[in-house]
Amino acid sequence: MACKPVKTDSASEKNQQNRPNILYIMADDLTIQAISAYKGIYQELAPTPNIDRIAQEGMLFYNVLSTNAICGPSRASILTGNYSNVHGYYKNESGGKFNADLWTFPQEFQKNGYKTALFGKWHLGSKPKGFDTYAYHNAVVQQGTYWNPVYNENGENRIEKGYATNLTTEFALDWMENVKTDNQPFLLMLQYKAPHRPWRRDTVYSSLWENQDFPYPASFNDSYKGRELTAGDTEMTLDYLTRNDLKLTPPPDLEGESLRVWKLYGLRSSEVVKPDSLNVEEGKRWRYQTYIKDYLACVKSVDDNIGKVLNYLEENQLQDNTIVILTSDQGFYLGDHGFFDKRFIYDESIKMPFMVRYPEKIQQGSVNKMLIANIDIAETLLDLADIQNYPDTQGESFAPILFGKDLSQWKESVYYHYYEFPYWHHVQPHYGIRTQKYTLAHFYYNMDQWELYDLDKDPNQLHNVANDPAYNEVMERLTKRLKKDMIHYQDYQSLTNFKTITDTDFGAITKEKN
């Protein structure tokens with residue numbers, strides 16, 4: 001853990017106007033495959049010009065990784081700078097509430113003279129701390145709804161009419177308008193629900209791409225050979241998309257529980273949704289085309305709204321002294337490996353989009369491919385704001401590289417641990433590491449399965465070489481590295497302890513039923 005130097009001057013003695021504003025934008029389940037700055041297969045049909053603008057005018061990161069690729073735990077790690085085993089928030093399902101008594105970086109910003117606000121998705125159950133004002137989604141177990149959402153606005157639930165992505169932006173713009181003349185810098189956490197399931201479009205994009213087919217990812221028809229018990233045994237292939245996900249119209253006479261059951265048809269392996277006229281392969285492609293267009297239409301609305309925010313900064317002369325960050329809580333599968341959702345240690349789910357703009361301080365169009373973990377974000381933001389003398393975290397600041405400096409010592413690997421099973425999506429708990437060249441994982445709940453991927457030769461992570469004699473030396477070296485990381489992050493425990501975490505019901509995130 002990093003040691004913080006003792007601060008000798010107080011925040012009140014600083015020239016507040018010279019301290020940078022922080023605009024932290026986090027979309028939910030936004031993946032690098034959906035952002036045209038990363039040059040993926042959708043860049044021509046579904047460009048993201050406003051998000052790309054942040055990258056073009058700042059630094060684009062390729063290897064910022066989630067340490068537990070699921071919404072609540074990842075958010076808790078970002079806020080605290082610590083792994084799940086330290087902050088205690090391991091999983092969404094039966095994971096309870098985030099411990100509101102824990103230190104989080106927004107509290108430190110608030111204590112050090114920053115105006116602070118949170119708008120959008122929170123999804124941690126407990127009351128947000130460290131914010132002067134907030135309005136977060138507080139329906140559907142804090143997942144929120146796309147249309148006419150309920151927000152908890154400083155402790156009071158209110159229904160706001162309209163589309164959630166637009167509404168969340170309006171909260172942010174109104175707040176910035178109210179604080180822009182204050183002699184204080186601000187920290188604004190703008191956290192969109194989109195493009196989280198069930199991927200509902202704004203009306204302006206209701207027919208977007210209606211007569212176009214999108215390309216398929218290279219691993220779309222993954223056979224799961226050599227990974228039959230792990231990647232091959234999940235409930236997150238496209239076969240598990242529901243009638244609700246696929247926007248089918250229910251019979252007019254259904255209501256109540258009958259309507260709910262009809263909409264959720266598709267959750268079981270015996271309930272594959274497709275038009276009767278299509279065969280199995282055609283049905284899979286139909287589900288993908290429906291899903292990918294809805295997902296990317298939600299991303300398009302996020303991109304539009306980010307454009308509004310960037311324009312506001314420019315129009316109000318806030319651009320030069322505002323650090324803009326765009327990220328997500330983890331990645332997401334867009335048909336990669338035949339999946340939707342996240343959870344696995346594979347790249348599509350652990351890679352977080354990440355880009356930072358700070359005019360005149362960060363070189364425009366710069367790129368970074370260092371291994372960075374979500375636990376490093378808190379330290380970095382505090383470093384950028386010159387805030388010191390706060391509790392130790394497991395993260396490290398990567399702020400120097402934003403300004404073109406080399407870090408002589410940096411992490412060789414990022415440690416990963418996923419705990420939730422069997423709900424949702426039946427993904428086996430596993431831990432592992434991601435290095436620049438390899439992914440190593442141990443699946444342990446009701447099996448003893450190791451996976452190793454050579455990312456130079458197999459970037460799509462289709463060929464498990466853990467049992468290949470040619471990789472014996474690599475396996476030995478990486479398992480030692482893994483043990484070292486587990487000890488360093490205080491997570492070197494027995495498998496029995498890990499399984500107990502998976503089996504423990506820590507409670508519900510809210511009293512509301514899912």
Quick one: would you say residue 242 is hydroxyl-bearing (Ser, Thr, Tyr), in a loop (DSSP other than H, G, I, E, B) and open to solvent by less than 70 Å² (accessible area, probe 1.4 Å)? yes
Cβ pairs under 9 Å, 6+ apart or interchain, first in segment 269-284 and touching a residue at least 40 places away in the same chain (Cβ under 8 Å), second among the acidic types (Asp, Glu), ordered by first then second residue, are 284/239
- Query: For residue 404, are the conditions met, namely being crowded, with 23+ Cβ neighbours inside 10 Å, out of contact with any Pro (no Cβ under 6 Å at 6 or more places or on another chain) and assigned to a loop (DSSP other than H, G, I, E, B)?
  - Reply: no
Scanning segment 382-438 for residues that are charged (D, E, K, R) and more than 16 Å from residue 82 (Cα to Cα) gives 383, 386, 405, 406, 412, 420, 434, 437
For residue 447, the lone unmet condition from (1) in contact (Cβ under 8 Å) with a residue 24 or more places away in the chain; (2) part of a helix (DSSP H, G or I); (3) over 27 Å from the mean Cα position of the chain (by Cα) is (2)
* To do: Can you confirm whether segment 161-175 contains a residue that is assigned to a loop (DSSP other than H, G, I, E, B) and either surrounded by fewer than 24 Cβ atoms within 10 Å (Cβ to Cβ) or without any contact (Cβ under 8 Å) to a residue 40 or more places away in the chain (or both)?
  => yes
Residue hits (segment 397-424; free of Cβ contacts under 8 Å to residues at least 24 places away in the same chain and out of contact with any Asp or Glu (no Cβ under 9 Å at 6 or more places or on another chain)) are 405, 406, 408, 409
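A quick yes/no check of all residues on (1) farther than 25 Å from residue 127 by Cα; (2) among the aromatic types (Phe, Trp, Tyr); (3) open to solvent by 70 Å² or more (accessible area, probe 1.4 Å):
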site	(1), (2), (3)
477	yes, no, yes
491	yes, no, no
496	yes, no, yes
501	no, no, no
Exercise. Answer yes if at least one residue in segment 293-307 is under 26 Å from the mean Cα position of the chain (by Cα), surrounded by fewer than 22 Cβ atoms within 10 Å (Cβ to Cβ), closer than 30 Å to residue 401 by Cβ and small (Gly, Ala, Ser), and no otherwise.
Key: yes
Pairs returned, first residue in segment 45-72 that is closer than 19 Å to residue 298 by Cβ and open to solvent by less than 10 Å² (accessible area, probe 1.4 Å), second residue that is among the acidic types (Asp, Glu) and assigned to a helix (DSSP H, G or I), beta-carbon separation under 7 angstrom, 6 or more apart or interchain, are 48/303; 51/303
| task | Evaluate the following for residue 453: is it open to solvent by less than 30 Å² (accessible area, probe 1.4 Å) and in contact with a Lys or Arg (Cβ under 8 Å, 6 or more places away or on another chain)? | result | no
_Condition first: in contact (Cβ under 8 Å) with a residue 12 or more places away in the chain, closer than 24 Å to residue 23 by Cα and β-branched (Val, Ile, Thr). Can you find one or more residues in segment 81-90 that meet it?_
no
When restricted to 40, 130, 88, 95, the only residue buried (at least 23 other Cβ atoms within 10 Å of the Cβ) and modelled with pLDDT of 95 or more is 95
Picked from segment 315-342 (must be part of a loop (DSSP other than H, G, I, E, B) and in contact with a helix residue (DSSP H, G or I) (Cβ under 6 Å, 6 or more places away or on another chain)), the residue most open to solvent (accessible area, probe 1.4 Å) is 319
Of the listed residues (214, 220), the one being in contact (Cβ under 8 Å) with a residue 24 or more places away in the chain, out of contact with any strand residue (DSSP E or B) (no Cβ under 8 Å at 6 or more places or on another chain) and under 17 Å from residue 199 (Cβ atoms) is 214
Going through (1) more than 24 Å from the chain's Cα centre (by Cα); (2) touching a residue at least 60 places away in the same chain (Cβ under 8 Å); (3) loosely packed, with under 15 Cβ neighbours inside 10 Å one by one, residue 470 fails only at (2)
Of the listed residues (192, 224, 216), the one being open to solvent by 10 Å² or more (accessible area, probe 1.4 Å) and in contact with a Ser or Thr (Cβ under 9 Å, 6 or more places away or on another chain) is 224
Among the residues of segment 468-511, the number that are closer than 20 Å to residue 67 by Cβ, part of a loop (DSSP other than H, G, I, E, B) and of a type in the set (Ser, Thr, Tyr) is 3
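The values are calculated or read from the model by the stated rules, or taken from the named source; none is laboratory data. Predicted model only: the values in this text are computed from it and were never measured. Every residue, glycine among them, receives a Cβ derived from its backbone with ideal geometry; neighbour counts consider all protein chains shown. SASA here: full protein model, heavy atoms, side chains in, ligands and nucleic acids out. Shrake-Rupley method; radii C 1.70, N 1.55, O 1.52, S 1.80 Å.
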